[in-house]
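A.B. asks: Here it is, the structure, as C-alpha coordinates.
The values are calculated or read from the model by the stated rules, or taken from the named source; none is laboratory data. Quick caveat: nothing in here was measured; it's all calculated off a predicted structure. Glycine also receives a Cβ, built like all others from the backbone with ideal geometry; neighbour counts cover every protein chain displayed.
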Amino acid sequence: MSGKRVSSWRMSCVAMLVVVGVVSHLEAADAPATAASAAKVIDLAALPLMPDAQTPGARSLAQLTYVAPASVKAAFTFHQQQLTKLNWKEEPGGYVTDQFASGTFTRDGFQVALTVSPGSKPHEATVMLINLGNVDLTKVPAPPGAKPLYVGAATAMYLTDESVDAAKASVRKTLEQQGWTPYGESGPQHFFRQNAMRLGAMVDSAPAQMGKTSISYTAALMSVELPVLPNAEQVHYADVTKTVDFSTAAKPQEVDQFYRTALASAGWKPTSDKLLKIDDRDTTIFRNDAGDMLTMSISSDGNMQRVQVQQQSAAEVAEFERKAKAAAEAYVAKNKAMPGKVTLTLPKAAKKVETNKSRVEFQLPAGQSSRAVDEIRQALVTAGWTVSEKIQETHFGTFSLSSGQQSISIVYVDSGLTPGEVTISGIGTEFDVK
(Lines give C-alpha, C1' and ligand atoms only; values in the text may rest on other atoms or scores of the structure.)
Protein backbone atom coordinates (compact mmCIF):
# COMPACT_ATOMS: atom_id res chain seq x y z
CA MET A 1 0.00 0.00 0.00
CA SER A 2 1.45 3.37 -0.97
CA GLY A 3 2.79 5.80 1.62
CA LYS A 4 0.66 8.50 -0.05
CA ARG A 5 -2.59 6.62 0.75
CA VAL A 6 -1.47 5.94 4.33
CA SER A 7 -0.62 9.61 4.79
CA SER A 8 -3.98 10.66 3.30
CA TRP A 9 -5.90 8.40 5.67
CA ARG A 10 -4.00 9.67 8.71
CA MET A 11 -4.45 13.29 7.66
CA SER A 12 -8.20 12.82 7.25
CA CYS A 13 -8.37 11.49 10.81
CA VAL A 14 -6.35 14.43 12.13
CA ALA A 15 -8.46 16.92 10.13
CA MET A 16 -11.68 15.68 11.73
CA LEU A 17 -10.20 16.13 15.19
CA VAL A 18 -8.94 19.64 14.40
CA VAL A 19 -12.25 20.85 12.94
CA VAL A 20 -14.50 19.55 15.71
CA GLY A 21 -12.03 19.87 18.57
CA VAL A 22 -11.76 17.34 21.36
CA VAL A 23 -15.10 17.00 23.15
CA SER A 24 -15.23 13.97 25.42
CA HIS A 25 -18.91 14.15 26.35
CA LEU A 26 -22.09 16.17 25.96
CA GLU A 27 -25.05 16.84 28.18
CA ALA A 28 -27.68 14.17 27.63
CA ALA A 29 -30.13 14.93 24.81
CA ASP A 30 -33.63 13.45 24.62
CA ALA A 31 -33.43 12.94 20.82
CA PRO A 32 -31.63 14.24 17.76
CA ALA A 33 -32.51 17.93 17.43
CA THR A 34 -35.30 19.30 15.30
CA ALA A 35 -34.77 22.60 13.53
CA ALA A 36 -37.16 24.25 15.99
CA SER A 37 -35.39 22.93 19.10
CA ALA A 38 -31.99 23.91 17.69
CA ALA A 39 -33.18 27.45 16.94
CA LYS A 40 -34.11 27.92 20.60
CA VAL A 41 -30.45 27.32 21.54
CA ILE A 42 -28.77 29.28 18.73
CA ASP A 43 -29.68 30.46 15.24
CA LEU A 44 -26.50 31.19 13.28
CA ALA A 45 -28.56 33.11 10.71
CA ALA A 46 -29.24 35.73 13.40
CA LEU A 47 -25.74 35.84 14.90
CA PRO A 48 -24.18 39.33 14.58
CA LEU A 49 -21.14 39.58 12.28
CA MET A 50 -17.90 41.46 12.77
CA PRO A 51 -17.95 45.17 11.83
CA ASP A 52 -17.64 45.84 8.06
CA ALA A 53 -18.05 42.14 7.25
CA GLN A 54 -18.82 41.15 3.68
CA THR A 55 -22.15 39.60 2.72
CA PRO A 56 -22.06 36.02 4.08
CA GLY A 57 -21.46 33.22 1.63
CA ALA A 58 -23.68 31.04 3.82
CA ARG A 59 -26.06 32.20 6.53
CA SER A 60 -28.59 29.74 7.88
CA LEU A 61 -29.68 28.12 11.12
CA ALA A 62 -26.82 25.63 10.95
CA GLN A 63 -24.03 27.44 9.08
CA LEU A 64 -22.41 30.86 8.88
CA THR A 65 -19.50 31.71 6.58
CA TYR A 66 -18.23 35.19 5.82
CA VAL A 67 -15.11 37.33 5.28
CA ALA A 68 -14.18 40.25 7.54
CA PRO A 69 -11.37 42.86 7.52
CA ALA A 70 -9.54 41.45 10.54
CA SER A 71 -6.69 39.20 11.59
CA VAL A 72 -7.31 35.52 12.25
CA LYS A 73 -6.82 36.00 15.99
CA ALA A 74 -9.09 39.08 16.14
CA ALA A 75 -11.90 37.31 14.27
CA PHE A 76 -11.63 34.23 16.48
CA THR A 77 -11.63 36.36 19.64
CA PHE A 78 -14.70 38.28 18.45
CA HIS A 79 -16.83 35.14 18.17
CA GLN A 80 -15.20 33.47 21.16
CA GLN A 81 -16.32 36.33 23.38
CA GLN A 82 -19.69 36.49 21.64
CA LEU A 83 -20.44 32.82 22.30
CA THR A 84 -19.17 33.02 25.88
CA LYS A 85 -21.62 35.87 26.58
CA LEU A 86 -24.38 33.63 25.22
CA ASN A 87 -23.45 30.99 27.84
CA TRP A 88 -21.53 28.70 25.51
CA LYS A 89 -18.57 26.87 27.05
CA GLU A 90 -15.33 26.55 25.12
CA GLU A 91 -14.04 23.00 25.25
CA PRO A 92 -10.37 21.99 25.62
CA GLY A 93 -8.38 21.30 22.48
CA GLY A 94 -8.75 24.67 20.75
CA TYR A 95 -6.01 25.93 18.47
CA VAL A 96 -5.15 29.60 17.79
CA THR A 97 -2.26 30.96 15.68
CA ASP A 98 -1.77 33.85 13.28
CA GLN A 99 -2.64 31.57 10.36
CA PHE A 100 -5.42 29.37 11.72
CA ALA A 101 -7.77 29.16 14.69
CA SER A 102 -10.37 26.62 15.73
CA GLY A 103 -12.46 25.87 18.77
CA THR A 104 -15.54 23.94 19.83
CA PHE A 105 -18.22 25.40 22.10
CA THR A 106 -21.00 23.52 23.89
CA ARG A 107 -24.32 24.41 25.48
CA ASP A 108 -27.45 22.42 26.31
CA GLY A 109 -26.09 19.35 24.54
CA PHE A 110 -25.25 21.23 21.32
CA GLN A 111 -21.82 21.80 19.77
CA VAL A 112 -20.73 24.71 17.61
CA ALA A 113 -17.41 24.53 15.74
CA LEU A 114 -15.64 27.84 15.01
CA THR A 115 -12.77 27.99 12.53
CA VAL A 116 -10.97 31.05 11.17
CA SER A 117 -8.39 31.15 8.37
CA PRO A 118 -6.75 33.91 6.31
CA GLY A 119 -8.87 35.40 3.53
CA SER A 120 -7.85 35.67 -0.11
CA LYS A 121 -6.57 39.22 0.45
CA PRO A 122 -4.20 40.63 3.09
CA HIS A 123 -5.76 41.63 6.41
CA GLU A 124 -8.87 39.52 5.78
CA ALA A 125 -10.18 36.56 7.74
CA THR A 126 -12.60 33.86 6.61
CA VAL A 127 -14.91 32.89 9.45
CA MET A 128 -16.89 29.64 9.56
CA LEU A 129 -19.31 28.54 12.26
CA ILE A 130 -21.07 25.18 12.03
CA ASN A 131 -23.69 23.88 14.43
CA LEU A 132 -22.77 20.22 14.88
CA GLY A 133 -26.05 19.59 16.67
CA ASN A 134 -26.76 17.55 19.78
CA VAL A 135 -25.87 13.98 18.83
CA ASP A 136 -23.20 12.60 21.16
CA LEU A 137 -21.26 10.16 19.00
CA THR A 138 -20.12 8.21 22.04
CA LYS A 139 -23.76 7.06 22.22
CA VAL A 140 -24.08 6.09 18.54
CA PRO A 141 -23.38 2.35 18.27
CA ALA A 142 -20.79 0.87 15.95
CA PRO A 143 -21.54 -2.39 14.13
CA PRO A 144 -20.94 -5.61 16.08
CA GLY A 145 -17.26 -6.51 16.21
CA ALA A 146 -15.94 -3.01 15.45
CA LYS A 147 -13.14 -1.88 17.78
CA PRO A 148 -12.79 1.76 18.87
CA LEU A 149 -9.78 3.69 17.58
CA TYR A 150 -10.94 7.05 18.95
CA VAL A 151 -14.41 7.81 20.29
CA GLY A 152 -15.49 11.30 21.30
CA ALA A 153 -18.70 13.32 21.31
CA ALA A 154 -17.89 15.06 18.03
CA THR A 155 -16.15 12.30 16.10
CA ALA A 156 -15.80 8.55 16.48
CA MET A 157 -13.46 6.15 14.68
CA TYR A 158 -13.56 2.35 14.63
CA LEU A 159 -11.75 -0.54 12.94
CA THR A 160 -13.41 -3.76 11.82
CA ASP A 161 -12.28 -7.01 10.21
CA GLU A 162 -15.21 -6.89 7.77
CA SER A 163 -14.67 -5.95 4.14
CA VAL A 164 -15.65 -2.45 3.06
CA ASP A 165 -18.91 -3.64 1.44
CA ALA A 166 -19.82 -5.80 4.43
CA ALA A 167 -19.01 -2.96 6.83
CA LYS A 168 -21.25 -0.55 4.85
CA ALA A 169 -24.14 -2.99 5.17
CA SER A 170 -23.47 -3.45 8.90
CA VAL A 171 -23.34 0.30 9.51
CA ARG A 172 -26.61 0.83 7.66
CA LYS A 173 -28.37 -1.94 9.57
CA THR A 174 -27.04 -0.70 12.93
CA LEU A 175 -28.04 2.91 12.32
CA GLU A 176 -31.47 2.07 10.90
CA GLN A 177 -32.18 0.12 14.07
CA GLN A 178 -31.50 3.37 15.96
CA GLY A 179 -34.02 5.34 13.89
CA TRP A 180 -31.64 6.80 11.29
CA THR A 181 -32.84 6.80 7.67
CA PRO A 182 -30.46 6.73 4.66
CA TYR A 183 -29.90 10.20 3.20
CA GLY A 184 -27.47 9.78 0.31
CA GLU A 185 -23.80 9.07 -0.14
CA SER A 186 -20.65 10.58 -1.61
CA GLY A 187 -17.85 8.12 -2.30
CA PRO A 188 -17.02 6.32 0.95
CA GLN A 189 -19.21 8.76 2.94
CA HIS A 190 -22.76 7.61 3.68
CA PHE A 191 -25.36 9.93 5.21
CA PHE A 192 -28.33 9.25 7.49
CA ARG A 193 -30.99 11.62 8.83
CA GLN A 194 -33.08 11.81 11.98
CA ASN A 195 -35.10 14.99 12.54
CA ALA A 196 -32.72 17.85 11.65
CA MET A 197 -29.55 15.88 12.33
CA ARG A 198 -27.44 14.40 9.55
CA LEU A 199 -25.02 11.65 10.52
CA GLY A 200 -22.06 10.91 8.27
CA ALA A 201 -20.51 7.44 8.25
CA MET A 202 -17.30 7.12 6.29
CA VAL A 203 -16.46 3.48 5.54
CA ASP A 204 -13.18 2.81 3.77
CA SER A 205 -10.11 0.60 3.83
CA ALA A 206 -7.68 1.49 6.60
CA PRO A 207 -4.09 1.73 5.31
CA ALA A 208 -1.37 0.18 7.49
CA GLN A 209 -4.04 -1.54 9.58
CA MET A 210 -3.49 -5.09 8.31
CA GLY A 211 -6.43 -5.15 5.87
CA LYS A 212 -8.96 -3.76 8.31
CA THR A 213 -11.80 -1.38 7.40
CA SER A 214 -12.21 2.00 9.08
CA ILE A 215 -15.55 3.44 10.15
CA SER A 216 -15.76 7.12 11.10
CA TYR A 217 -18.85 8.94 12.41
CA THR A 218 -19.46 12.68 12.27
CA ALA A 219 -22.68 14.65 12.73
CA ALA A 220 -24.01 18.09 11.90
CA LEU A 221 -27.25 20.01 12.16
CA MET A 222 -29.36 20.63 9.06
CA SER A 223 -31.09 24.00 8.77
CA VAL A 224 -34.26 22.36 7.45
CA GLU A 225 -35.93 18.96 7.73
CA LEU A 226 -36.55 17.70 4.21
CA PRO A 227 -37.62 14.05 3.89
CA VAL A 228 -36.88 11.93 0.82
CA LEU A 229 -38.72 8.92 -0.54
CA PRO A 230 -37.68 5.46 0.64
CA ASN A 231 -35.10 3.95 -1.74
CA ALA A 232 -34.29 7.40 -3.17
CA GLU A 233 -31.11 7.39 -5.23
CA GLN A 234 -28.38 10.00 -5.78
CA VAL A 235 -29.52 12.04 -2.78
CA HIS A 236 -27.75 15.39 -2.42
CA TYR A 237 -28.45 17.87 0.37
CA ALA A 238 -27.08 21.45 0.34
CA ASP A 239 -27.54 23.44 3.54
CA VAL A 240 -26.46 26.67 1.84
CA THR A 241 -29.54 26.60 -0.40
CA LYS A 242 -31.66 24.47 1.96
CA THR A 243 -32.30 22.06 -0.88
CA VAL A 244 -32.36 18.31 -1.29
CA ASP A 245 -32.59 16.60 -4.67
CA PHE A 246 -32.72 12.93 -5.58
CA SER A 247 -33.79 10.40 -8.19
CA THR A 248 -36.64 7.93 -7.83
CA ALA A 249 -38.53 5.41 -9.92
CA ALA A 250 -41.81 6.52 -8.30
CA LYS A 251 -44.34 8.25 -10.55
CA PRO A 252 -44.86 12.03 -10.16
CA GLN A 253 -48.27 11.52 -8.54
CA GLU A 254 -46.72 9.09 -6.03
CA VAL A 255 -43.98 11.58 -5.20
CA ASP A 256 -46.56 14.33 -4.74
CA GLN A 257 -48.70 12.19 -2.44
CA PHE A 258 -45.65 11.22 -0.38
CA TYR A 259 -44.86 14.86 0.36
CA ARG A 260 -48.47 15.85 1.01
CA THR A 261 -48.57 13.11 3.67
CA ALA A 262 -45.05 13.47 5.07
CA LEU A 263 -45.18 17.27 5.41
CA ALA A 264 -48.68 17.51 6.88
CA SER A 265 -47.54 16.50 10.37
CA ALA A 266 -45.00 19.35 10.33
CA GLY A 267 -47.67 21.94 9.60
CA TRP A 268 -47.12 22.31 5.84
CA LYS A 269 -50.19 22.80 3.63
CA PRO A 270 -50.24 22.50 -0.17
CA THR A 271 -51.40 25.60 -2.07
CA SER A 272 -52.96 23.50 -4.84
CA ASP A 273 -54.97 20.28 -4.89
CA LYS A 274 -52.75 18.72 -7.58
CA LEU A 275 -49.39 19.10 -9.30
CA LEU A 276 -48.95 22.27 -11.36
CA LYS A 277 -46.78 22.55 -14.45
CA ILE A 278 -44.20 25.31 -13.84
CA ASP A 279 -41.19 25.65 -16.15
CA ASP A 280 -41.90 22.17 -17.54
CA ARG A 281 -41.65 20.68 -14.05
CA ASP A 282 -44.49 19.12 -12.06
CA THR A 283 -44.62 21.30 -8.95
CA THR A 284 -46.42 21.57 -5.64
CA ILE A 285 -45.85 24.53 -3.33
CA PHE A 286 -46.39 24.18 0.40
CA ARG A 287 -46.64 26.89 3.04
CA ASN A 288 -46.90 26.96 6.83
CA ASP A 289 -48.44 29.33 9.35
CA ALA A 290 -45.14 31.20 9.71
CA GLY A 291 -45.25 32.14 6.02
CA ASP A 292 -42.34 29.88 5.04
CA MET A 293 -42.49 28.25 1.61
CA LEU A 294 -41.45 24.77 0.48
CA THR A 295 -41.30 24.00 -3.24
CA MET A 296 -41.28 20.41 -4.50
CA SER A 297 -40.65 20.02 -8.24
CA ILE A 298 -40.23 16.96 -10.46
CA SER A 299 -38.60 16.52 -13.85
CA SER A 300 -38.86 13.22 -15.71
CA ASP A 301 -36.00 11.41 -17.42
CA GLY A 302 -37.28 8.20 -18.93
CA ASN A 303 -38.49 5.90 -16.14
CA MET A 304 -36.80 7.96 -13.42
CA GLN A 305 -37.85 11.23 -11.82
CA ARG A 306 -35.45 13.86 -10.54
CA VAL A 307 -37.00 15.56 -7.51
CA GLN A 308 -35.92 18.82 -5.92
CA VAL A 309 -37.26 20.11 -2.61
CA GLN A 310 -36.34 23.57 -1.35
CA GLN A 311 -37.42 25.45 1.74
CA GLN A 312 -37.43 29.25 2.02
CA SER A 313 -38.16 31.32 5.10
CA ALA A 314 -40.90 33.95 5.13
CA ALA A 315 -38.22 36.65 5.01
CA GLU A 316 -36.57 35.04 1.98
CA VAL A 317 -39.93 34.76 0.22
CA ALA A 318 -40.69 38.44 0.89
CA GLU A 319 -37.30 39.50 -0.46
CA PHE A 320 -37.77 37.38 -3.57
CA GLU A 321 -41.21 38.90 -4.22
CA ARG A 322 -39.82 42.42 -3.72
CA LYS A 323 -37.05 41.86 -6.26
CA ALA A 324 -39.35 40.13 -8.74
CA LYS A 325 -41.93 42.91 -8.56
CA ALA A 326 -39.25 45.59 -8.97
CA ALA A 327 -37.89 43.77 -12.02
CA ALA A 328 -41.36 43.48 -13.51
CA GLU A 329 -42.13 47.16 -12.93
CA ALA A 330 -38.79 48.18 -14.44
CA TYR A 331 -39.46 46.04 -17.48
CA VAL A 332 -42.94 47.50 -17.98
CA ALA A 333 -41.68 51.07 -17.49
CA LYS A 334 -39.02 50.51 -20.14
CA ASN A 335 -41.65 49.48 -22.69
CA LYS A 336 -44.29 52.20 -22.23
CA ALA A 337 -45.68 53.62 -25.48
CA MET A 338 -48.72 54.97 -27.31
CA PRO A 339 -51.94 52.90 -27.33
CA GLY A 340 -53.03 50.73 -30.36
CA LYS A 341 -55.58 47.95 -31.20
CA VAL A 342 -55.52 44.22 -30.13
CA THR A 343 -58.20 41.90 -28.75
CA LEU A 344 -57.33 40.19 -25.45
CA THR A 345 -59.41 37.43 -23.88
CA LEU A 346 -58.68 37.22 -20.14
CA PRO A 347 -58.97 34.01 -18.05
CA LYS A 348 -62.31 33.49 -16.33
CA ALA A 349 -60.50 33.42 -12.97
CA ALA A 350 -59.09 36.94 -13.48
CA LYS A 351 -59.84 39.31 -10.59
CA LYS A 352 -59.19 42.99 -9.87
CA VAL A 353 -58.98 43.75 -13.58
CA GLU A 354 -57.73 47.24 -14.42
CA THR A 355 -57.52 48.38 -18.05
CA ASN A 356 -56.80 51.30 -20.29
CA LYS A 357 -56.04 51.41 -24.00
CA SER A 358 -52.43 50.27 -23.70
CA ARG A 359 -52.27 48.44 -20.39
CA VAL A 360 -54.13 45.60 -18.64
CA GLU A 361 -53.53 44.41 -15.08
CA PHE A 362 -55.26 41.59 -13.23
CA GLN A 363 -54.78 38.97 -10.53
CA LEU A 364 -55.14 35.18 -10.64
CA PRO A 365 -55.30 32.52 -7.92
CA ALA A 366 -51.86 31.53 -6.62
CA GLY A 367 -49.99 29.16 -8.93
CA GLN A 368 -52.18 29.77 -12.02
CA SER A 369 -50.38 32.69 -13.66
CA SER A 370 -47.82 30.73 -15.70
CA ARG A 371 -50.43 28.59 -17.43
CA ALA A 372 -52.82 31.52 -18.02
CA VAL A 373 -50.09 33.66 -19.54
CA ASP A 374 -49.11 30.77 -21.82
CA GLU A 375 -52.71 30.65 -23.10
CA ILE A 376 -52.76 34.40 -23.79
CA ARG A 377 -49.39 34.18 -25.53
CA GLN A 378 -50.57 31.26 -27.69
CA ALA A 379 -53.72 33.15 -28.69
CA LEU A 380 -51.58 36.08 -29.84
CA VAL A 381 -49.26 33.75 -31.79
CA THR A 382 -52.29 32.20 -33.46
CA ALA A 383 -53.39 35.73 -34.41
CA GLY A 384 -50.06 36.33 -36.14
CA TRP A 385 -47.84 37.70 -33.41
CA THR A 386 -44.23 36.50 -33.06
CA VAL A 387 -42.51 35.82 -29.72
CA SER A 388 -39.27 37.82 -29.73
CA GLU A 389 -38.21 37.25 -26.11
CA LYS A 390 -39.11 34.76 -23.39
CA ILE A 391 -37.88 34.68 -19.78
CA GLN A 392 -39.75 32.20 -17.62
CA GLU A 393 -38.61 31.26 -14.11
CA THR A 394 -40.49 29.34 -11.40
CA HIS A 395 -42.33 32.37 -10.03
CA PHE A 396 -41.68 35.13 -12.57
CA GLY A 397 -41.85 35.49 -16.32
CA THR A 398 -41.81 38.00 -19.17
CA PHE A 399 -42.78 37.62 -22.82
CA SER A 400 -42.24 40.04 -25.69
CA LEU A 401 -44.24 39.71 -28.88
CA SER A 402 -44.17 41.75 -32.09
CA SER A 403 -46.27 42.25 -35.19
CA GLY A 404 -44.94 44.77 -37.68
CA GLN A 405 -44.39 48.03 -35.78
CA GLN A 406 -46.52 46.86 -32.85
CA SER A 407 -45.21 45.10 -29.73
CA ILE A 408 -46.68 43.62 -26.57
CA SER A 409 -45.01 42.69 -23.30
CA ILE A 410 -46.54 40.28 -20.77
CA VAL A 411 -45.11 40.17 -17.25
CA TYR A 412 -46.25 38.02 -14.35
CA VAL A 413 -45.18 37.44 -10.76
CA ASP A 414 -46.59 34.40 -8.93
CA SER A 415 -44.91 33.18 -5.72
CA GLY A 416 -47.47 30.43 -5.18
CA LEU A 417 -48.29 31.97 -1.79
CA THR A 418 -50.31 35.04 -2.80
CA PRO A 419 -52.45 35.84 -5.85
CA GLY A 420 -50.43 36.10 -9.04
CA GLU A 421 -50.12 39.49 -10.70
CA VAL A 422 -50.19 39.82 -14.50
CA THR A 423 -49.42 43.00 -16.46
CA ILE A 424 -49.86 43.31 -20.24
CA SER A 425 -48.65 46.49 -21.95
CA GLY A 426 -48.46 47.47 -25.60
CA ILE A 427 -46.50 49.71 -27.91
CA GLY A 428 -48.43 50.87 -30.95
CA THR A 429 -51.48 48.89 -29.80
CA GLU A 430 -54.91 49.52 -28.30
CA PHE A 431 -56.39 46.69 -26.22
CA ASP A 432 -59.96 45.47 -26.58
CA VAL A 433 -60.43 43.36 -23.45
CA LYS A 434 -62.95 40.51 -23.50
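A.B. asks: Based on this model, can you work out whether P188 counts as over 17 Å from the mean Cα position of the chain (by Cα) and over 16 Å from G145 (Cα atoms)? Please lay out each step first, then the result.
C.D. replies: Numbers: over 17 Å from the mean Cα position of the chain (by Cα): yes; over 16 Å from G145 (Cα atoms): yes.
It is true that P188 is over 17 Å from the mean Cα position of the chain (by Cα) and over 16 Å from G145 (Cα atoms).
A.B. asks: Looking only at the stretch 187-234, how many residues end up being part of a loop (DSSP other than H, G, I, E, B) and touching an Asp or Glu at 6+ places or on another chain (Cβ under 7 Å)?
C.D. replies: First pass over the stretch 187-234, keeping only residues part of a loop (DSSP other than H, G, I, E, B): 187-188, 195-196, 206-212, 222-232.
With touching an Asp or Glu at 6+ places or on another chain (Cβ under 7 Å) added as a condition, the list becomes 188, 195-196, 212, 222-223.
Of the residues in that region, 6 qualify.
A.B. asks: So K341 passes all but one of these: (1) modelled with pLDDT of 85 or more; (2) exposed (fewer than 15 other Cβ atoms within 10 Å of the Cβ); (3) more than 30 Å from M293 (Cα to Cα). Which condition number does it fail?
C.D. replies: All conditions pass for K341, except number (1).
A.B. asks: Now a separate question. Return yes or no: is G119 on the phi > 0 side of the Ramachandran plot and not assigned by TED's automatic domain parsing to the domain that holds D239?
C.D. replies: Working: on the phi > 0 side of the Ramachandran plot: no; not assigned by TED's automatic domain parsing to the domain that holds D239: yes.
The answer is no for G119.
A.B. asks: Based on this model, can you work out whether K4 counts as loosely packed, with under 13 Cβ neighbours inside 10 Å, at pLDDT 95 or above and in a helix (DSSP H, G or I)? Explain how you work it out, then say what you get.
C.D. replies: On the way: loosely packed, with under 13 Cβ neighbours inside 10 Å: yes; at pLDDT 95 or above: no; in a helix (DSSP H, G or I): yes.
So K4 does not fit the description; no.
A.B. asks: If you take the residues of the stretch 54-70 that are part of a strand (DSSP E or B) and over 17 Å from G133 (Cβ atoms), which of them is nearest to the chain's Cα centre (by Cα)?
C.D. replies: Let us first name the residues in the stretch 54-70 that are part of a strand (DSSP E or B), namely 58-59, 63-68.
From what is left, the residues that are over 17 Å from G133 (Cβ atoms) are 59, 65-68.
On the way: R59: 11, T65: 15, Y66: 18, V67: 21, A68: 24 Å.
For the stretch 54-70, the residue satisfying everything is R59.
A.B. asks: Does V387 satisfy being surrounded by fewer than 18 Cβ atoms within 10 Å (Cβ to Cβ), out of contact with any Phe, Trp or Tyr (no Cβ under 9 Å at 6 or more places or on another chain) and among the hydrophobic types (A, V, I, L, M, F, W, C)? Walk me through how you get there before you give the answer.
C.D. replies: Working: surrounded by fewer than 18 Cβ atoms within 10 Å (Cβ to Cβ): yes; out of contact with any Phe, Trp or Tyr (no Cβ under 9 Å at 6 or more places or on another chain): no; among the hydrophobic types (A, V, I, L, M, F, W, C): yes.
The answer is no for V387.
A.B. asks: Now, a different point. Working only within the stretch 97-153, note down all residues that are assigned to a strand (DSSP E or B), of a type in the set (S, T, Y) and either without any contact (Cβ under 8 Å) to a residue 12 or more places away in the chain or surrounded by 14 or more Cβ atoms within 10 Å (Cβ to Cβ) (or both).
C.D. replies: Keep residues of the stretch 97-153 that are assigned to a strand (DSSP E or B), which gives 101-107, 110-118, 125-133, 147-151.
In the following step, the residues that additionally are of a type in the set (S, T, Y) were identified as 102, 104, 106, 115, 117, 126, 150.
Hits for the stretch 97-153 are S102, T104, T106, T115, S117, T126.
Here is a yes/no grid of residues against (1) at pLDDT 95 or above; (2) aliphatic (A, V, I, L, M); (3) out of contact with any strand residue (DSSP E or B) (no Cβ under 7 Å at 6 or more places or on another chain):
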| site | (1), (2), (3) |
| --- | --- |
| M16 | no, yes, no |
| Q54 | yes, no, no |
| Y66 | yes, no, no |
| A101 | yes, yes, no |
| T106 | yes, no, no |
| V116 | yes, yes, no |
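A.B. asks: Sticking with this structure for a sec: Determine, yes or no, whether L129 is in contact with a helix residue (DSSP H, G or I) (Cβ under 8 Å, 6 or more places away or on another chain) and under 15 Å from L49 (Cα atoms). Break it down stepwise before answering.
C.D. replies: Numbers: in contact with a helix residue (DSSP H, G or I) (Cβ under 8 Å, 6 or more places away or on another chain): yes; under 15 Å from L49 (Cα atoms): yes.
So L129 passes the test.
Let's see how each residue does on (1) under 22 Å from L417 (Cα atoms); (2) assigned by TED's automatic domain parsing to the domain that holds Y412; (3) exposed (fewer than 14 other Cβ atoms within 10 Å of the Cβ):
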{"site": "F286", "(1), (2), (3)": "yes, no, no"}
{"site": "D292", "(1), (2), (3)": "yes, no, no"}
{"site": "M296", "(1), (2), (3)": "yes, no, no"}
{"site": "R306", "(1), (2), (3)": "no, no, no"}
{"site": "A328", "(1), (2), (3)": "yes, yes, no"}
{"site": "K351", "(1), (2), (3)": "yes, yes, yes"}
{"site": "I391", "(1), (2), (3)": "yes, yes, yes"}
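A.B. asks: Mind checking which residues of the stretch 346-372 are among the basic types (K, R), over 30 Å from the mean Cα position of the chain (by Cα) and farther than 15 Å from A328 by Cβ? So that I can check it myself, show each step before the final result.
C.D. replies: Filtering the stretch 346-372 down to residues among the basic types (K, R) leaves 348, 351-352, 357, 359, 371.
Next, only the ones that are over 30 Å from the mean Cα position of the chain (by Cα) stay: 348, 351-352, 357, 359.
Passing the criteria: K348, K351, K352, K357.
A.B. asks: A further question follows. Being in contact with a Gly (Cβ under 8 Å, 6 or more places away or on another chain) and more than 24 Å from T284 (Cβ to Cβ): is that true of G384 here?
C.D. replies: Spelling it out, it is not the case that G384 is in contact with a Gly (Cβ under 8 Å, 6 or more places away or on another chain) and more than 24 Å from T284 (Cβ to Cβ).
A.B. asks: Restricting to the stretch 36-85, what's the tally of residues that are among the small types (G, A, S), more than 16 Å from K121 (Cα to Cα) and surrounded by 20 or more Cβ atoms within 10 Å (Cβ to Cβ)?
C.D. replies: Count: 3.
A.B. asks: Looking for something within 17 Å of the chain's Cα centre (by Cα) and among the hydrophobic types (A, V, I, L, M, F, W, C) - is there at least one such residue anywhere in the stretch 248-262? Can you show your working first?
C.D. replies: The first filter runs over the stretch 248-262 and keeps only residues within 17 Å of the chain's Cα centre (by Cα), leaving 259.
Checking which are among the hydrophobic types (A, V, I, L, M, F, W, C) leaves us with none.
The answer is no, given that none of the residues of the stretch 248-262 is within 17 Å of the chain's Cα centre (by Cα) and among the hydrophobic types (A, V, I, L, M, F, W, C).
A.B. asks: Could you please find all residues in the stretch 248-271 being surrounded by fewer than 16 Cβ atoms within 10 Å (Cβ to Cβ) and at negative phi? Explain how you work it out, then say what you get.
C.D. replies: Taking the stretch 248-271 first, the residues surrounded by fewer than 16 Cβ atoms within 10 Å (Cβ to Cβ) are 249, 251, 253-254, 257, 261-262, 264-267, 269.
Matches in the stretch 248-271: A249, K251, Q253, E254, Q257, T261, A262, A264, S265, A266, K269.
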